[in-house]
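Below: one structure, written as structure tokens.
The values are calculated or read from the model by the stated rules, or taken from the named source; none is laboratory data. It should be emphasised that the depicted structure is a prediction, and the values quoted were computed from it without experimental measurement. Cβ placement follows ideal geometry from the backbone for every residue including glycine, while neighbour counts extend to all protein chains displayed.
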Amino acid sequence: MKILHFSDVHIGVENYGVVDPETGLSTRLQDFLDTYDEVVNHALENQVDLVLFSGDAYKSRDPSQTHQREFAKRIATLTNAGIPVFLLIGNHDLPSIASRATALDIFPTLNVPGTYVSERLTTTVVDTKDGPLQVVSLPWIRRSAFLAREETHNLTLEQINQQLQDRLTTMLQQQIDALDQSIPAVLTAHVSLNTAVLSSEQTMMLGHDHVLLQSNLANPAFDYVALGHIHKHQILWQAPLMAYSGSLQRIDFGEEKDPKGFCIIDIDPTKPRGGRVTDFQFIPVDARRFVTINVSVEENVLDPTTDVIQAIQRHNFHDAIVRLIIRLPEELETRISDTAIRQALKGAHYIAAIQRDVIRQRRPRLAAEAIETMTPTDVLKRYMEEQEVPEDRQATLLRLGQQLIQEAADRDS
């Protein structure tokens, strides 16, 4: 039995994109659809038994008709090929008001064959070509679904989180107790776990992010735990195997170094519980690259723009989203040509920023007591020394300065 696990498609994220003149759509929309297509094509070519999606189909709780069409088109491609698809509700799929439909409710409403949608903690038996599979689903935790208003009255966020963990542990154990141990079982959850390493999810959060303990989900009754919500792919535990598939595309520069892709899990239903997972692979996708170019310009450089351009040319930024950070002394700041630098970066897909980190000279100030004991001539001489005025010029300026000081003194007298 082969399961494909992916998550956090986030169709609708269009930052760092330009409008495609042929379609009128953002090039970033096509980025997200291209990696989504890689998932679909792999599932078809390898005849997987189940595609398991762990939440967050869209960026917005109210996706556009175009975004919904593109997501559903690919689900239909899978189900038309006889591959069942399990869709979990993530926080970006939930409406702001509980009584409204989720972004994925269209599938059960139309009774689309081969699709399963879960918006509550439950167990679903999915019939695959290699036998039944039990899927315990934990969608994004809406506090009101687990705790009554009176139960949280006058509690701190930490106390509420603890109550959620306690209630969730009890409810999840009820699902576990009802499992058929002779049939493979997986848990899919859209959650933040305390052991997870974050990338840039803070920029994508909608509301308060409850953090659960890994021990809440790491139950040996499951053959695999498929996680969504955290964009960084990572394996958290081995028994049972527990992994975040991560997102399919990079959202911003916080994910610059993160590989993007999906997971393939092979399960042997004939083996006993605890030993059914026979293989696990993370399959990378061709996600749009983010590239940061750092350049330091030394003092006394005659042509700082040329130095920056030469540093740029040492990087592979073709078709990438680029940010350039230039560190330089303040006296060279006005000698940098943005036009020339942008021309040097013309092979990039998008220039996110050209940032200048200017090194400003710290000029020491004389203590008030020291100034009070100095004559105007002494102060002038001290100033010229700090400014490193050449000695021959100091002498001329000091002579002229003394004349002005004397003329002022004569007028005052």
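Take the conditions in contact with an Asp or Glu (Cβ under 9 Å, 6 or more places away or on another chain) and either charged (D, E, K, R) or under 21 Å from G246 (Cα atoms) (or both) and apply them to L94. Does it pass?
Taking the combined requirement at face value, the residue satisfies it.
Test F107 against the criterion of being at pLDDT below 85, assigned by TED's automatic domain parsing to the domain that holds D34, among the hydrophobic types (A, V, I, L, M, F, W, C) and surrounded by 17 or more Cβ atoms within 10 Å (Cβ to Cβ), and give yes or no.
No, not satisfied.
List every residue pair whose Cβ atoms sit under 8 Å apart, with the two residues 6 or more apart in sequence or on different chains, where the first one lies in the stretch 151-174 and is under 28 Å from T123 (Cα atoms) and the second, anywhere, is surrounded by 13 or more Cβ atoms within 10 Å (Cβ to Cβ) and of a type in the set (F, W, Y).
Pairs found: L164/F146; R167/F146; L168/F146; M171/F146.
Kindly indicate whether any position in the stretch 202-225 is in contact with a Ser or Thr (Cβ under 8 Å, 6 or more places away or on another chain), at pLDDT 95 or above and under 29 Å from K59 (Cβ atoms).
Looking for residues that are in contact with a Ser or Thr (Cβ under 8 Å, 6 or more places away or on another chain), at pLDDT 95 or above and under 29 Å from K59 (Cβ atoms), one finds at least one in the stretch 202-225, hence yes.
Taking into account only those residues within the stretch 244-282 that are assigned to a loop (DSSP other than H, G, I, E, B) and aliphatic (A, V, I, L, M), which is surrounded by the most Cβ atoms within 10 Å (Cβ to Cβ)?
The qualifying residue surrounded by the most Cβ atoms within 10 Å (Cβ to Cβ) is L248.
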